[in-house]
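Throughout, read-outs are computed from the coordinates displayed, never taken from laboratory work. No experiment lies behind these values; they were computed from the predicted model shown. Positions of Cβ are backbone-derived with ideal geometry, glycine not excepted, and every protein chain shown enters the neighbour counts.
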Amino acid sequence: MKIQNIEIIIKIGDITDENVDVIVNAANNSLLGGGGVDGAIHKRAGASVLEQCKKHGGCATGDAKITTAGNLLCKYIIHTVGPIYGRHGGLESLLLYNCYINSLKLADEYSLKTISFSAISTGVYGYPVEETLPIIYKAIKDFSAKNNNIQEIRFVLFDKEKYKLYNSYFNAILDKN
Ligand code: ADP
């Protein structure tokens with residue numbers, strides 16, 4: 001399926017196995033690693049990525065920072081910090097939108113063509129997946145109007161339930177448009 005000229009791929013998998021230009025990590029404000037997908041990425045990527053994260057000196061919620069990818073197959077890692085559901089006084093959806101659009105803009109600035117997203121904020125940060133999907137769609141649509149380089153966006157889901165939710169949402173919305 002496509003949004004403008006960008007191919008959209010939804011798959012089940014471990015994002016640390018992705019052989020794309022850049023993967024998007026669901027980090028925390030410290031950028032010093034944590035649990036979930038963040039822990040998995042740092043563990044496999046190695047110390048050079050943590051060093052670059054330290055130099056960034058943290059990341060505000062909704063912002064995105066880039067590092068190289070250490071031992072991973074991809075070339076870069078974008079570290080974005082999602083909102084904690086219910087903890088930002090109603091700004092959660094805007095902050096999540098910012099994560100997606102800022103990550104896409106940063107990848108585009110680096111002339112990257114293929115990008116894999118983890119399901120930002122939907123683990124420990126508690127954002128219901130169903131509520132994230134229209135936000136993700138809007139961010140991609142808005143970005144696609146100004147896109148120069150991105151050819152493929154992948155959503156890499158760790159479990160079948162989230163995979164099914166993504167698939168049915170994107171199939172339905174892209175059928176209509
Ligand atoms: P957050 O703190 O932003 O909620 P989490 O890491 O807790 O981040 O969860 C984000 C999503 O990443 C969850 O849907 C979780 O199932 C998923 N996840 C965890 N490990 C991996 C992995 N290795 N590859 C892809 N997704 C993963």
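Every condition in (1) farther than 17 Å from V156 by Cα; (2) more than 14 Å from the ligand (Cβ to nearest atom); (3) under 13 Å from the mean Cα position of the chain (by Cα) holds for A64 except the one numbered (2).
Would you check which residues across the range 128-177 are closer than 24 Å to K113 by Cβ, aliphatic (A, V, I, L, M) and exposed (fewer than 15 other Cβ atoms within 10 Å of the Cβ) and list them? Across the range 128-177, the qualifying residues are A145, L174.
No other residue among I135, I120 is within 11 Å of the ligand (Cβ to nearest atom) and either within 15 Å of I15 (Cβ to Cβ) or not hydroxyl-bearing (S, T, Y) (or both) apart from I120. A search for C-beta distances below 7 Å between a residue of the range 102-117 that is free of Cβ contacts under 8 Å to residues at least 40 places away in the same chain and any residue that is assigned to a loop (DSSP other than H, G, I, E, B) and not hydrophobic (A, V, I, L, M, F, W, C), counting only pairs 6+ apart in sequence or on different chains, returns S111/N149. Among residues of the range 149-177 that are part of a strand (DSSP E or B), those with a Cβ under 7 angstrom from a residue that is of a type in the set (G, A, S), sequence gap 6+ or separate chain, pair up as R154/S116; V156/G13; V156/S116; V156/S118; L157/A119. The set of residues in the range 80-92 being within 11 Å of the chain's Cα centre (by Cα) and assigned to a loop (DSSP other than H, G, I, E, B) consists of G82 alone.
Annotation note: Cβ proximity below 7 Å between a residue of the range 118-132 that is farther than 14 Å from I84 by Cβ and a residue that is more than 6 Å from the ligand (Cβ to nearest atom) and outside any helix (DSSP H, G or I) (sequence gap 6+ or interchain) occurs for S118/V24; S118/N25; A119/L157. Of everything in the range 1-56 that is away from the ligand (no atom under 16 Å from the Cβ), surrounded by 17 or more Cβ atoms within 10 Å (Cβ to Cβ) and of a type outside the set (A, V, I, L, M), the residue that is farthest from A119 (Cα to Cα) is Q52. Restricting L95, L106 to those that are under 24 Å from I173 (Cα atoms), not aromatic (F, W, Y) and not in a loop (DSSP other than H, G, I, E, B) reduces the list to L95.
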